[in-house]
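Each value in this text was obtained by applying a stated rule to the coordinates, not by laboratory testing. Keep in mind the model is a prediction, meaning the values are calculated, not measured. So basically every Cβ, Gly included, is an ideal-geometry build from the backbone, and we count neighbours across all protein chains shown.
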Amino acid sequence: MRETVTGARRIVVKIGSSSLTTAAGGLDPARVDALVDVLAARQAAGVEVVLVSSGAIAAGLAPLGFARRPRDLASQQAAASVGQGLLVNRYTQSFARYGIRVGQVLLTVDDLVRRVHYRNAHQTLTTLLGLGALPVVNENDTVATDEIRFGDNDRLAALVAALVHADLLVLLSDVDALYTGPPGRPGSLRISDVRSPEDLAHITIGGAGSAGLGTGGMVTKIEAARIATTSGIPVVLTGAPHAGAALAGEPVGTLFHRLRRRPTSRLFWLAHATTPQGRLHLDAGAVAAVVDRRASLLPAGVTAVDGTFTAGDPVDLLDPAGRPVARGLVNYDSIELPPLLGRSTRDLDPGYDRELIHRDDIALL
């Protein structure tokens with residue numbers, strides 16, 4: 001038995017569109033009820049549950065006469081508008097069989113990128129849990145544009161898991177585990193445990209989800225697992241039919257072990273929920289100071305600046321090879337920086353003698 005699963009007292013469960021809908025695009029009541037049966041049992045056992053559910057767009061396809069998921073954003077938003085009501089109504093009815101209240105929470109990237117919105121989302125979700133309700137979270141597809149989309153609900157689920165300080169993230173899919181290659185290929189083996197990034201070095205990852213209804217694939221699930229495990233949250237990836245066994249701690253699917261202890265919510269927000277507005281190129285000495293010694297970033301260690309940003313914006317810090325190693329909140333506008341680069345703070349005029357980025361405002365990547 002997986003004690004890291006059975007010992008979790010607050011869990012986030014994500015389920016994809018293809019696990020909830022028929023091939024024609026409508027919701028499958030039997031699949032929804034099967035998932036609800038599992039989650040209701042966990043809540044009855046004293047576990048707090050947050051459900052991140054795809055399926056709004058897929059649920060709206062058939063009622064609007066779409067044969068397949070449309071490609072244009074306006075039609076997707078229209079399908080989501082119809083389907084979201086159908087989806088939450090189906091969950092409300094199904095959970096009512098157990099006397100469980102459902103609360104709908106629709107999020108956009110903007111709700112997690114802006115620090116004030118991030119705190120508000122945290123308060124809403126934790127209050128719902130405290131009142132005994134089960135939050136059903138989805139991306140607000142009716143208003144989200146390409147510029148403010150999460151891209152897939154796997155990433156959203158990982159961010160929500162960190163947002164509510166979950167003990168476990170469970171990703172339910174139409175694939176029962178992570179394999180060394182495409183599951184149907186002869187010789188592909190199930191990977192039961194992932195303890196470090198090196199465990200993923202020799203696998204072949206498939207593409208998008210099945211049936212043309214979802215947007216995610218194994219790549220997005222591995223990225224979601226990376227976000228969660230580096231935030232101190234273990235992840236179980238398995239197929240929706242195995243949800244009960246997975247949450248009971250049975251060794252089904254793939255368990256991604258947490259890679260480090262939980263960071264502060266502010267640093268997690270900075271690392272994973274912000275969009276960098278620029279880049280600072282560091283020399284080797286500055287990289288060592290920021291990454292190894294956790295020091296503030298000074299002008300002397302910066303060799304170049306990319307992008308246009310203002311003081312307080314998030315920027316990525318790049319090593320000499322161009323790889324992002326950290327993200328921080330910069331203390332200067334981009335137009336102020338070129339004359340400061342490579343200079344000691346002792347040589348700068350008053351007002352320019354502070355750090356480029358203080359160590360408390362740096363999240364390692």
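Of note:
- Taking the alpha carbon gyration tensor of region 57-117, multiplying each eigenvalue by 5 and rooting it gives semi-axes of 23, 22, 6 Å, largest first.
- If only the Cβ of Lys and Arg carry +1 and only the Cβ of Asp and Glu carry -1, the dipole of the chain around its Cα centre is close to 860 debye.
- Angle of helix 29-44 to the longest C-alpha principal axis of the chain, folded into 0 to 90 degrees and rounded to 10: 70°.
- Extension gain, Arg101 to Glu3, is 32.4 nm, computed as 0.36 nm per intervening residue step minus the present C-alpha separation.
- The helix-only estimate of mean residue ellipticity at 222 nm for the chain, built from DSSP H runs of length n ≥ 4 each weighted as -39500 (n - 2.57), is -9000 deg cm²/dmol after division by the residue total.
- For the chain, built as a Gaussian network whose Cα springs stay under 10 Å, the top-fluctuating residue of Arg155, Arg90, Arg343: Arg343
- What the phi angles of region 312-323 give under the Karplus curve with 6.51, -1.76 and 1.60, with θ = phi - 60°, is a coupling list of x, 6, x, 9, 8, 9, 10, 7, x, 8, x, 8 Hz, glycine and proline written as x.
- Full-extension gain in nm, Ser196 to Thr92, via 0.36 nm per residue minus C-alpha separation: 33.6 nm
- Note on Tyr332, Tyr91: ascending count of other Cβ atoms within 10 Å places them as Tyr332, Tyr91, the fewest first.
- Taking 0.36 nm per residue of sequence separation and removing the Cα-Cα distance, the Thr275/Leu73 pair yields an extension gain of 70.5 nm.
- Taking Cα atoms only, the orientation of helix 73-96 departs from the longest principal axis of the chain by about 60 degrees.
- Rounded to the nearest 0.05, the FRET efficiency derived from the C-beta distance between Arg354 and Ala248 at R0 = 51 Å is 0.40.
- Temperature 4 °C, viscosity 1.567 mPa s: under these conditions the Stokes-Einstein estimate for region 276-364, based on its Kirkwood radius over C-alpha pairs, is 104 µm² per second.
- Fraction of beta bridges assigned by DSSP in region 3-267 that are antiparallel (%, nearest 5): 20 percent
- Each of Thr310, Thr22 was scored by other Cβ atoms within 10 Å of its Cβ. Arranged with the fewest first, they read Thr310, Thr22.
- Residue among Gly132, Gly60, Gly307 with the largest mean-square fluctuation in a Gaussian network model of the chain, springs linking Cα atoms under 10 Å: Gly307
- Distance between the 7 Å Cα→Cβ label points at Thr303 and Gln43: 5.5 nm.
- Sorted by Cβ density within 10 Å, fewest first, the residues Phe66, Phe256, Phe95: Phe66, Phe95, Phe256
- Efficiency of FRET between Leu64 and Asp174 - r from beta-carbon atoms, R0 35 angstrom, step 0.05: 0.90
- In summary, region 28-167 shows an alpha-carbon radius of gyration equal to 1.06 times the 2.2 N^0.38 Å reference for compact globular proteins.
- Using the Cβ-Cβ distance between Arg266 and Asp292 with R0 set to 22 Å, the FRET efficiency works out to roughly 0.55.
- GNM top mover of Pro314, Pro186, Pro338 - the chain, alpha-carbon springs below 10 Å: Pro186
- Calculated Rg and Dmax of the chain using C-alpha coordinates, Å: 22.1, 71
- Rounded to 10°, Cα long-axis angle of helix 218-229 versus longest principal axis of the chain: 60 degrees
- Percent of Cα pairs exceeding the 15 Å cut-off, where the set is region 1-92: 61 percent
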